[in-house]
Amino acid sequence: MDILEERGVKIPNAVLVKDITKGTTADEVCTFLAEYGKISKVEFIDKLTPALHHVLIVEYNSGAAVIELRKILPYTHICEITQATHTICDLAAVCAEELSKAQTLTYLSELQKLAKITGKDYATVLTGVMSLLGQSVTGHCSSSGQVKMPPDGESEDTGPSEEHSHHHSDPAAQYTPRPRSAFPAEAAPEFNPPEVQRYVVEHIVKNDDLSLHSSSHRLRAFSGRLPRPQHESDYDTWRSGVDLLLKDSSVSDLQRSRKIFESLLPPAADTVKHLRADTPPVTYLQILDSAYGTVQDGDELHAKFMDTFQDAGEKPSTYLQRLQVALHLTVKRGGVPATETDRFLLNQFCRGCWDNTLISELQLKQRKSNPPTFAEFLLLLRTEEDREAAKALRMKQHLGSAKPRVTTHAQYAYTATEEKVPRDPLTTITQQLTKQLADIQKQLALLTAAQASPRQSTPSKSTHASKPGNPSRNSGPKPGYCFQCGEDGHIKSNCDNDPNPSLVAAKKRQFNQKQQKWQKSSNQSLN
């Protein structure tokens, strides 16, 4: 109940609404409760105790509203819009019941341990404790004037008094103490040695808070809705939690079925709501596996696992975790033997990870005969990634600039400098090839121009005069460069490069100088 204390809930002034979610239904219930008094606080709690999930705590300004509500509590409220049914309870009564149940179970468990430690029979120790409880209850009733103790030596053979029957609902009051002669004062140490009593008191006080948080299996909520809500788990994760619950021998089948049903939300809950309360958990799982389980067989999942490769910008450790999830599903469907998981995981990581330098430094291929476990493998990768990141940070601090691109790694490998801005390897290769192609076209254009220049002698004046339209005299030099990027070998309409105004201006000046020289030489030849 610590969550109530953390949120500052005044338990005597509050009521609890079971099995409710945020939204229209909660608003309608609050509207109903507001008729009994002014509401000061409304708290939605996903899990209050192992048995109470999705509850709404409604706190009033005054406890008078709760006193008025207790006349009808527990109350079943049916929403008009959704027809959903919710139970409204007194929060103080629920807390008292849950705490009493938890402490009682813990106390009985400690008594069993005490019997084992002291070597006494559990029934003997329990009888002695019950004797003390009976004397405590009798003494309390005597001090309050409700029960008159019989004189020493007389047995309590009379029926229960009116006052005693009035407290019959109290479990402790139901215990009828034996005559005092059955438990003489000198026999008390035999049943309850001082060291045992001291151990019980110290241990119960020390573990008072821990008893409220006794370990229990808690299943995350699952509804089967698509897209999956953020606060819910996928079916495989939910199913793994159920598997752990089934392996706990201390939980009965009825409790398992109840926990499974309580963790389901519509529409998944609708698929099993027709089952009876005593239906075994295996029946629940058969229906849910048919509706939400993986339908691919082991061979298909194995092939899918073998086609799982490292994505661009993905850390090796993240890639390994993604491989583990795919491999676990493959093992469940019989695609890979459970005893070979470590070997398959290492082999596929070496195939699908593009960082060959990392594989070589960690000598992963040499470990195929004795592969590490998933936990060891993951720790190994994360340690190496942390070492590389720390080294990159030291280099940046020392050089005052970002770490240069690691050219020894493969094109697709993850590097520490690429963590924030993922780089598409296909784009990088395309840019490199485009640049190389532009250089080749430039060299080819220069070579073609040099071979096409004829070695002609200066024509005579009569030749020029007879052929005024001679192209060798009138055509002049050509630009030969792109008006967009300034590169040679192509024109603007076929250019895919980014604009480069500075290079275009430089090429234009060179072309103007060539044109002026040609015109000058042409005029001299005419003269």
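Where a number appears in this text, it was derived from the coordinates with a stated rule and is not lab data. All of these numbers come straight from a predicted model, not from anything done at the bench. Here the Cβ positions follow ideal geometry from the backbone for every residue, glycine too, while neighbour counts run over all protein chains shown.
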Can you give the translational diffusion coefficient of the stretch 2-97 in µm²/s, computed by Stokes-Einstein from the Kirkwood radius over Cα pairs at 4 °C and 1.567 mPa s?
98 µm²/s
Roughly speaking, what is the stretch gain from residue 398 to residue 282, that is 0.36 nm per residue apart minus the C-alpha to C-alpha distance, in nm to one decimal?
35.5 nm
Residue-count net charge about residue 12 - beta-carbon cut-off 14 Å; Lys, Arg +1, Asp, Glu -1
-1
Please give the FRET efficiency for residue 359 paired with residue 300, using the beta carbon to beta carbon distance and R0 = 25 Å, rounded to the nearest 0.05.
0.35
Kirkwood hydrodynamic radius of the stretch 235-292 from all distinct Cα pairs, in Å?
11.5 Å
Based on the Cβ-Cβ distance of residue 240 and residue 376, what FRET efficiency does E = 1/(1 + (r/R0)^6) give at R0 = 25 Å, to the nearest 0.05?
0.75
In the neighborhood of residue 280, defined by Cβ-to-Cβ distances under 14 Å, what is the net charge if each Lys or Arg adds +1 and each Asp or Glu adds -1?
+2
Grab the beta carbon distance between residue 351 and residue 291, set R0 = 25 Å, and tell me the FRET efficiency rounded to 0.05.
0.10
Each label sits 7 Å from Cα toward the beta-carbon; between residue 321 and residue 383 the label points are separated, in nm, by 1.9 nm
Taking 0.36 nm per intervening residue step and subtracting the Cα-Cα distance, what contour gain separates residue 508 from residue 252 on full extension?
83.2 nm
So, with +1 on the Cβ of K and R and -1 on the Cβ of D and E, and no other charges, what is the size of the charge dipole of the stretch 2-97 about its Cα centre, to the nearest 20 debye?
140 debye
Let me check against my output: what whole-number percent is the relative contact order of the stretch 2-97, with C-alpha pairs under 8 Å and at least 6 apart?
37 percent
Return a whole-number percent for the relative contact order of the stretch 248-407, with Cα pairs under 8 Å and 6 or more residues apart as the contact set.
17 percent
What nm distance separates the two modelled labels at residue 40 and residue 27, each placed 7 Å from Cα along Cα→Cβ?
2.6 nm
Subtract the Cα-Cα distance of residue 339 and residue 61 from 0.36 nm times their separation in residues, and report this length gain in nm to one decimal.
93.9 nm
Count the net charge of all other residues whose Cβ sits under 13 Å from the Cβ of residue 263, scoring Lys and Arg as +1 and Asp and Glu as -1.
+3
